[in-house]
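Bear in mind that the values in this text are calculations on the coordinates, not laboratory data. These figures come from a predicted structure and were not determined experimentally. Note that each Cβ is placed from the backbone with ideal geometry, even for glycine, and that neighbours are counted across all protein chains shown.
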Amino acid sequence: MGALFPSGDKTLDQPEETAILRARDFWTSLVLIVLSLFFLWETTSIPLFGENRAGVSGGDWYNSAALVPFGLFGGLFLLAIGLLVISIRAGGAARAMSSVGLGWDGSEALRFGTIGMTIAAYVIGLVPRVDFIICSGLLITALIYGYRGGHAQRMILTAVVVGVAGLYAFVANLPQSDWKLHDDDWITLILWIALTAFIFVRHPRDRMSRVIPVIALVAPAILVCAMAFGFRQNVPNRGGLFFKTIEYHYYVSLKPLWSQK
Amino acid sequence: MDFVISQLAGFGGAMASLVVDPLTYVYLITSVFLGITFGALPGLTATLAVTILTGFFGNKIPLDYSLIALLGAYVGAIYGGSYPSILLNIPGTAASAATAMDGYPLAKAGRGGEALGMTTTASFIGTIIGTFALLIFVWVLLLISKNIASPEKALLALFGILLSGTLMSEDLVIKGWIAGIIGLAMAMVGMDPLLSEPRYTFGWSYMLSGFQVVPVLMGAFAIPQIIEGMRHIEAGKVLSLQGRIVPNFATVRRYLPTIGRSGVIGTGVGALPGVGEDVAGWVSYGVGKTVSKEGDQFGKGSLEGLLSSETANNACIGGALIPLLVLGIPGSPPAAALMGAFKINNVIPGPTIDPAIILRVVAILVLASLTMFIMGLFTAKIFIKILRIPQTVFLPVVMVLTTIGSFSVGGGINDLYLMLGVGFVAYFMNLMRYPIAPLVIGVILGSLFDETLRRSLFLSDGDLSVFVSRPGAAILLALNIALILSQLPITKRGLAKLKRKRA
């Protein structure tokens, strides 16, 4: 069973890479087994053999809403067992606890950790609560500066800056009723300006220092305006510090210029 | 013959209505340009181009214009991947991986202009071949598909997911199947389509409507790409373009048989459910290497090798749209994103699709390929300049694009959380060599599979023979079983034994 389900024509580049993959497969198969068992158990709460719902019969087994999920999670469980067997036979279990099994070196873990933190802070903390242009400007500045050149210190610095802004917005204005408040907009704006100034001071001759603020300001501004006024779609946080002003002037100062009949 | 003529007449009408509309050109030029740019930038893919534009154009403009934008980007992106393949030796998209094998040696030998010109021409002809196949075969299949009922639909959806899992796996096939099942399982969330029974909602009202397609697409394709691409890479040296780009007619004529063969292969591979342009490129390259007189030169700078892959990956577009439009099963990952756009416009691809939409799709593909051809020949220098933009500069902007696109389709913050969650899971799946395309196809086809499987059993009062008593269903069931059995080691060992005995 060692060669169970090998891929058709494509082969992996290195035996070492295969060893890492099999060790990771050991862990993922365990996770998949647990998940499939959990969801199989969860599926038992969906009536399989018909049930009275408000006096209406829920149908037979072949019409049950649980039928396909049972099949899917049962199939997933069997495939996960298959994957576990493959990984054990290929020595994955033996290497699972070693550094090979974990497969990530420190620098890669740092890179993923900081990007993950930056993106999570942006999506969870900032986008719902902070003006879209400001939070996207901070994100663009942080990502370009942080990951250009592959310097670990820059990655940590920028992730911390976005993380602080996101955490503040999340903690200070957690409920939806507080999302319109502007304190988090100001904090994020200050952090964005401070980070931009820091980049200028540290790298005064680098062309990128001048390019980053332009991209960080222009790209989100164009996008949000195109979406809101061009496509007339909802955009995140319409009451944000910058967008509120733009929207006011669009409808009060600009639009009357071409919509008057 | 009458049938072909009536088809061509219908196509002519659709084409005329597009050509006289000035807005067509606005969307067409913008989307093809954006598509080529996405394709040309290593780290951005054709699927991502269609996905992101779905977020922007999917349901915000009339369907006709939305289709122009999405198909233009699709055609442009598949072609655009050839730029970095030829000039940087880095495939811009997975579809152009085989292109680099011969494109880069040609550019190094001072034939970059010729390579780019011939690639542009071959991509154009390839798209036209695929489009012509779409025009003809889609109608033949539509006639057949009138006999397709719930049992066939359920088995076809399963076959698409299994086939995609089998062919898209880089490591073990079992991983492709696991990805497909995870996608199907994700589609089970929310109210079930027949009895409105809530499933896996965990008391969260947002989950009652199930996972929205666009945030899942954005998460699955954009977030892993952004996380993976945000690393320092020493910019490769873009080779200077030597020689004229506009190709010599005699050279085009000389390679016409290769282009024709590769176009047919690309269309055929594209028509297989769930198999994308990258597979089409490699299959055509492999066939070209076997049958060509200059097969030994493949990989060393052979124009024929270059054209084999580049024609096929563009021809795959038309092929991939055949199962999408006829059966509602995407033929490739970008077609899956396109299906997302159809869904949010309340258009259900499949046997009940409005035939006028198919004719319009064909006309748009012809116009898009023509626009790509003209742009490729006369504005190539702009795209070569774009190649120099580092990933760490454009990927943060893509993150912002993804966020606003994902938000605007559903208009809710929860969609962003879904996008983020799917994105992180997809990143780890990529890391462990699980293909993402079967997952996405599973999400898209999940409710169809669930509904049609249960409806089949409902109509037969739980009699399982419904899956063998109908000829179409029996064939599809046999195909599903054969596909699964073909991957089992016991079958493989048996086949190998049989082969040895025969030898």
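Considering only B:Thr311, B:Ile404, B:Ile353, the residue lying farthest towards the positive end of the dipole of chain B is B:Thr311, judged by Cα position with unit charges set on Cβ. Peptide A:36-45 is shielded by partner chain Cβ atoms: per residue, an average of 2 of them sit within 10 Å of its Cβ. Cα centroids of region B:118-186 and region B:342-420: 20 Å apart.
Bridgeable lysines around B:Lys385 (alpha carbons under 23 Å apart, same-chain partners fewer than 8 residues away excluded): B:Lys108, B:Lys237.
Peptide A:146-153 shows a mean partner chain C-beta count of 4 within 10 Å per residue C-beta.
Taking each residue as 0.36 nm, the span from A:Tyr248 to A:Phe198 lengthens on full extension beyond its C-alpha to C-alpha distance by 14.7 nm. Of interest is the spacing of the C-alpha centroids, which for region B:12-27 and region A:207-261 amounts to 31 Å. Helix screen, chain A: DSSP H segments with Cα axial length of 24 Å or more and mean Kyte-Doolittle hydropathy at least 1.6 are A:67-89, A:152-172, A:207-225. Determine the shape class of the protein assembly as shown: with a ≥ b ≥ c the square roots of the Cα gyration tensor eigenvalues, call it rounded for a/c under 1.5, and otherwise prolate if a/b is greater than b/c, oblate otherwise. Cα axes put the protein assembly as shown in the rounded bin. Dipole check for region A:127-261: with +1 at the C-beta of Lys and Arg, -1 at the C-beta of Asp and Glu, and the Cα centre as origin, the magnitude is about 460 Debye. The label-point distance for A:Ser107 and B:Ala482, in a model that sets each label 7 Å from Cα toward Cβ, rounds to 5.0 nm. Taking chain B as the reference, fit the longest principal axis to its C-alpha atoms, fit the long axis of helix B:333-344 to the helix C-alpha atoms, and give the angle between the two in degrees, 0 to 90, nearest 10. Between helix and principal axis, roughly 60 degrees. Magnitude of the charge dipole for region B:129-221, about its Cα centre and with charges confined to Cβ atoms of Lys, Arg (+1) and Asp, Glu (-1), is about 160 debye. Taking square-rooted eigenvalues a ≥ b ≥ c of the alpha carbon gyration tensor, is chain B rounded, prolate or oblate, where a/c under 1.5 means rounded and, failing that, a/b exceeding b/c means prolate? It comes out rounded by the Cα gyration axes.
Residues B:Arg261, B:Arg454, B:Arg502, A:Arg129, ranked from the fewest to the most other C-beta atoms within 10 Å, line up as B:Arg502, B:Arg261, B:Arg454, A:Arg129. If a spin label sat at a point 7 angstrom from the Cα of B:Phe137 along the line to its beta carbon, the backbone N atoms of region B:255-280 nearer than 11 Å would be those of B:264-273. Counting only residues at least eight positions apart within a chain, or on another chain, the lysines with an alpha carbon under 28 Å from that of B:Lys146 are B:Lys343. Sorting B:330-340, B:413-423 by their mean Cβ neighbour count within 10 Å, with the most densely packed peptide first, gives B:330-340, B:413-423. Shape summary of region B:372-442, radius of gyration then Dmax from alpha carbon positions: 16.8, 44 Å. Which lysines, if any, have their Cα less than 25 Å from the Cα of B:Lys492, not counting same-chain residues under 8 positions apart? Partners found: A:Lys10, B:Lys175, B:Lys501. Fully extending the segment from A:Leu35 to A:Val164 would add 43.1 nm, taking 0.36 nm per residue of separation and subtracting the current Cα-Cα distance. Note: chain A, Cα convex hull, 271 Å³ per residue. Since only B:Pro334, B:Met375, B:Met188 are under comparison, the one whose Cα sits farthest along the positive direction of the charge dipole of region B:2-469, derived from C-beta charges on Lys, Arg, Asp and Glu, is B:Met375. For region B:1-124, the alpha-carbon coordinates run over 47, 39, 23 Å along the three principal axes, in decreasing order. The magnitude of the dipole of region B:184-264, with charges of +1 and -1 set on the Cβ of Lys/Arg and Asp/Glu and taken from the Cα centre, is near 760 debye. Selection among A:Phe70, B:Tyr417, B:Pro198 by position relative to the dipole of the protein assembly as shown gives B:Tyr417 as farthest towards the positive end (Cβ unit charges, Cα centre).
In the distance distribution for region B:403-467, Cα-Cα pairs more than 19 Å apart total 57 percent. Along chain B, counting only GluC sites (Glu not before Pro) with a DSSP assignment other than H, G, I, E or B and at most 16 other Cβ atoms inside a 10 Å radius, the longest segment between sites is B:295-503. In whole angstrom, region A:106-259 maps to an equivalent ellipsoid with semi-axes of 29, 19, 13, each derived as √(5λ) from the alpha carbon gyration tensor and ordered largest first. Per-residue shielding of A:67-76, expressed as the average number of other chain Cβ atoms within 10 Å of the residue Cβ, stands at 6.
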